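Student: The following block contains the structure, expressed as structure tokens.
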Amino acid sequence: MDNRPIGVFDSGLGGLTAVRSLRQILPEENLVYFGDTARVPYGGRARETILKYARQDVRFLRSFDLKAILIACGTVSTTSLETLQTENDLPIVGVVEPTCRRAVAVTKNKKVGMIATLASVRSSAYETTIHRLSPETEVFSRPCPLFVPLTENGRIHRGDVVIETVAREYLEPLKVTGVDTLILGCTHYPLLTDIIGDVCGPDVTLVSAGEESAFELKRLLKANGLRADEHQRGEVEFYVSERPEDFEQIASLFLQENMHHSARRIDIDQY
Ligand code: DGL
């Protein structure tokens, strides 16, 4: 048994969708969340910049005595996972591999769509992983950069003409390819499940990155004897690099529950 916390980080708020999954799948685990709200978004930046930021995020998290780290951020997972794993002596899980495994298991016609940030699409990490797992599966990728700011502004509901128009523009070309599975390769997209599902239709299965990586983490903790005491309810601490008030205001949307904890601000440049 190991009650040390799991570190979770993201470029900002989006990783709270992964926290939500972790709270459901691993309710006994203690979590320390860092959202780099001062420097979000990462998704349009160069790989070197993303890696530099990610290293600082990990250094901050490692100021706690952690047993594992979950990279909730799609953009960091697609560009920096291997480097971070090599540089750190604790288990680090990203979102790509578990999500691809699920997508490969789900697709019947071997046509998988993938939507994410520009940096994630540019990295080809999802294609490479899917082709390794299932060489015959075709992958159709598309960046959806406007989804992040729209989601952060609460534009996630059916009937909102702005998000519905943007979703149609991004997703209709993917629909034409005949994909039967769509990877939501970015932290924010699970909040758009209704909107994306409406455009893609009931024949397309949506696979959410945060949820799959929470299951992966559960397997990894179990295999290494690192699970926390199952009788306890884990605590979550939140840290951000910008105004905590702004984070707290919108965090409930991502957690889909009232935010009971306050966030603390840290200076990420010190790490
Ligand atoms: N967290 C990022 C991701 O999952 C989205 C926001 C950003 O661009 O930083 O890719």
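Values quoted throughout were computed directly from the atomic coordinates according to the rules given, and no laboratory measurement underlies them. Note that the coordinates shown come from a computational prediction; the quantities given were computed from them, not determined experimentally. Here the Cβ is made from the backbone with ideal geometry for all residues, glycine too, and neighbour counts use every protein chain on show.
Student: Kirkwood hydrodynamic radius (Cα pairs, Å) of the range 119-176?
Tutor: Evaluated over the range 119-176, this radius sits at 13.2 Å.
Student: Related question: Going 7 Å from the Cα of residue 218 along its beta-carbon direction, which residues of the range 15-41 have the amide nitrogen within less than 13 Å of the resulting point?
Tutor: 21-29, by backbone N distance to the label point.
Student: Mind jotting down the three principal axis lengths of the range 140-271 based on Cα atoms? Whole angstrom, largest first.
Tutor: Principal-axis extents of the Cα atoms in the range 140-271, largest first: 47, 38, 29 Å.
Student: Using a 7 Å offset from the Cα along the Cα-to-Cβ direction at both residue 3 and residue 257, what is the distance between the two label points in nm, to one decimal?
Tutor: Computed distance between label sites residue 3 and residue 257 equals 2.0 nm.
Student: Related question: Identify the GluC sites (Glu not before Pro) of the range 229-271 meeting these criteria: DSSP loop state and at most 12 other C-beta atoms within 10 Å of the C-beta.
Tutor: 230, 235, 257
Student: Ignoring the sites themselves, what is the longest stretch of the chain with no trypsin sites (Lys or Arg not before Pro) in a DSSP loop and at most 12 other beta-carbon atoms within 10 Å?
Tutor: Result for the longest clean stretch: 1-107.
Student: Leaving out same-chain residues fewer than 8 places away, which lysines sit with a Cα under 24 Å from that of residue 108?
Tutor: Correct list for residue 108: 175.
Student: Please label the shape of the chain as rounded, prolate or oblate, based on the square roots a ≥ b ≥ c of the eigenvalues of the alpha-carbon gyration tensor (a/c under 1.5 means rounded; beyond that, a/b larger than b/c means prolate, else oblate).
Tutor: Here the chain falls in the prolate category.
Student: Suppose only helical runs count, i.e. DSSP H with n ≥ 4. What mean residue ellipticity at 222 nm does that imply for the chain under -39500 (n - 2.57) per run, divided by all residues and rounded to the nearest 500 deg cm²/dmol?
Tutor: Helix-only estimate at 222 nm: -13500 deg cm²/dmol.
Student: Which GluC sites (Glu not before Pro) in the range 6-94 pass both tests, a DSSP loop state and at most 16 other beta-carbon atoms within 10 Å?
Tutor: In loop regions of the range 6-94 (DSSP not H, G, I, E or B), the sparsely surrounded GluC sites (Glu not before Pro) are 28.
Student: Right, next: Just to be sure I understand the model, the point goes 7 Å from the Cα along the line to the Cβ. What's the resulting residue 25 to residue 142 distance in nm?
Tutor: Output for this residue pair reads 2.6 nm.
Student: Once the Cα atoms of helix 96-106 and of the chain are each reduced to a long axis, what angle between those two axes, in degrees from 0 to 90 to the nearest 10, is obtained?
Tutor: Roughly 40 degrees between the two axes.
Student: Still on this model: On a straight-distance basis, which lysines could pair with residue 218 in a cross-link, Cα separation under 16 angstrom, same-chain partners fewer than 8 positions away excluded?
Tutor: 67
Student: Counting only Cα atoms, I'd like the Rg/Rh figure for the range 1-112, Kirkwood definition for Rh.
Tutor: 0.98
Student: Quick one: Debye curve from the C-alpha atoms of the range 92-204, no solvent, what's log10 I(q)/I(0) at q = 0.10, 0.16, 0.22 Å⁻¹?
Tutor: -0.27, -0.69, -1.25
Student: To continue, here is another question. If R0 is 45 Å, what FRET efficiency do you get for residue 88 and residue 245 from their C-beta distance, rounded to 0.05?
Tutor: 0.90
Student: Under a straight-distance cross-link criterion of Cα-Cα below 20 Å, which aspartates and glutamates are reachable from residue 110, leaving out those fewer than 8 residues away in the same chain?
Tutor: 97, 127, 136, 138, 172, 180, 203, 212
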